[in-house]
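Data first, discussion second: the structure below is written as structure tokens.
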Amino acid sequence: MRTAVLISGRGSNLGALIAAAAAPDYPAEMALVLSNRGEAAGLERAREAGIPTAVVDSRRFGRDRAAFEAEVGAALSAHRVRLLVLAGFMRVLTQPFVREWQGRMINIHPSLLPAFPGLDTHARALAAGVRLHGCTVHFVSPGVDEGPAIAQAAVPVLPGDDAATLAARVLEQEHRLLPACLAWLARGEAVLVGGAVRLSGAVGAASGALANPLP
Ligand code: GAR
């Protein structure tokens, strides 16, 4: 399944997807990496892997999100993209765009949603005093960091943690969870049905963490 990964920065989740997609039986192909920022370090990862890249600089469009998305959409069409992964893509998408890709677009978020949508999730989890934190891969719906979860992975909050140590523990799980979820989506094993996620088949590539679904 031809897949585009949308990024805004570092691209470590993109790196995990590229590594997973190198396996001959991985069901998704990295057809395009698109960034809304030309300086995103993830673009370099894509180039090194020989994946086509595109930059649609969101700053050029000001508040005109529809015009920004029209250009993004044109790039996706040109590369015959079927699935979209938001991997650290820090732009809010309009309802028409989300509707067009509903059921075919997933996002990774660094918290156990619906706790801590938005930014600074690790500092907020520490401030709230939670014992478990983690990450969520979900189908994108019109709200920010909303939409039914395909899978979540939890990690403990340990004594002495700061936002950086907690972020690193979560990120390790992000790198397991996102490639697993994309594989399920591409194989038709994770399907959005009436606003809920239906899982089927041999779902279970995510391992090591307290993860649901479990391996
Ligand atoms: C990841 O932690 C991802 O979960 C988060 O941005 C980071 C991107 O890192 N996404 C969000 O906060 C979306 N609301 P990466 O560029 O190294 O993959």
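The values are calculated or read from the model by the stated rules, or taken from the named source; none is laboratory data. None of these values were measured; they are calculated from a predicted model. FYI the Cβ positions are ideal-geometry reconstructions off the backbone, even for glycines, and counts take in every protein chain you see. To get the accessible areas, we keep the full protein, side chains included, count just its heavy atoms, and leave off ligands, DNA and RNA. Shrake-Rupley method; radii C 1.70, N 1.55, O 1.52, S 1.80 Å.
Please verify whether the stretch 15-24 includes one or more residues that are of a type outside the set (Phe, Trp, Tyr), near the ligand (Cβ under 8 Å from one of its atoms) and in contact with a Gly (Cβ under 6 Å, 6 or more places away or on another chain). Within the stretch 15-24 (the criterion being of a type outside the set (Phe, Trp, Tyr), near the ligand (Cβ under 8 Å from one of its atoms) and in contact with a Gly (Cβ under 6 Å, 6 or more places away or on another chain)), the answer is no, since none of the residues qualifies. Of the numbered criteria (1) near the ligand (Cβ under 10 Å from one of its atoms); (2) over 15 Å from the mean Cα position of the chain (by Cα); (3) polar (S, T, N, Q), the one THR136 fails is (2). State whether the residues of the stretch 162-183 include one that is at pLDDT 95 or above, part of a loop (DSSP other than H, G, I, E, B) and over 18 Å from PRO27 (Cβ atoms). The answer is yes; a qualifying residue exists.
Answer yes or no as to whether VAL55 is open to solvent by less than 20 Å² (accessible area, probe 1.4 Å) and either closer than 17 Å to ARG104 by Cβ or at pLDDT 95 or above (or both). When the stated conditions are applied, VAL55 does not pass them. When you look at ARG104, is it of a type in the set (Lys, Arg), touching a Leu at 6+ places or on another chain (Cβ under 6 Å), away from the ligand (no atom under 13 Å from the Cβ) and at negative phi, yes or no? Judged against the criteria, ARG104 is a match. Check the stretch 193-214 and report whether any residue there is out of contact with any helix residue (DSSP H, G or I) (no Cβ under 8 Å at 6 or more places or on another chain), crowded, with 18+ Cβ neighbours inside 10 Å and modelled with pLDDT of 95 or more. No: the stretch 193-214 contains no residue that is out of contact with any helix residue (DSSP H, G or I) (no Cβ under 8 Å at 6 or more places or on another chain), crowded, with 18+ Cβ neighbours inside 10 Å and modelled with pLDDT of 95 or more.
Which members of the stretch 55-87 meet the condition of being in contact with a helix residue (DSSP H, G or I) (Cβ under 6 Å, 6 or more places away or on another chain) and either of a type in the set (Gly, Ala, Ser) or at positive phi (or both)? The answer is SER58, ALA67, ALA87. Hey, any hits in the stretch 24-40 for a residue that's crowded, with 21+ Cβ neighbours inside 10 Å and over 18 Å from the mean Cα position of the chain (by Cα)? There is no residue in the stretch 24-40 that is crowded, with 21+ Cβ neighbours inside 10 Å and over 18 Å from the mean Cα position of the chain (by Cα).
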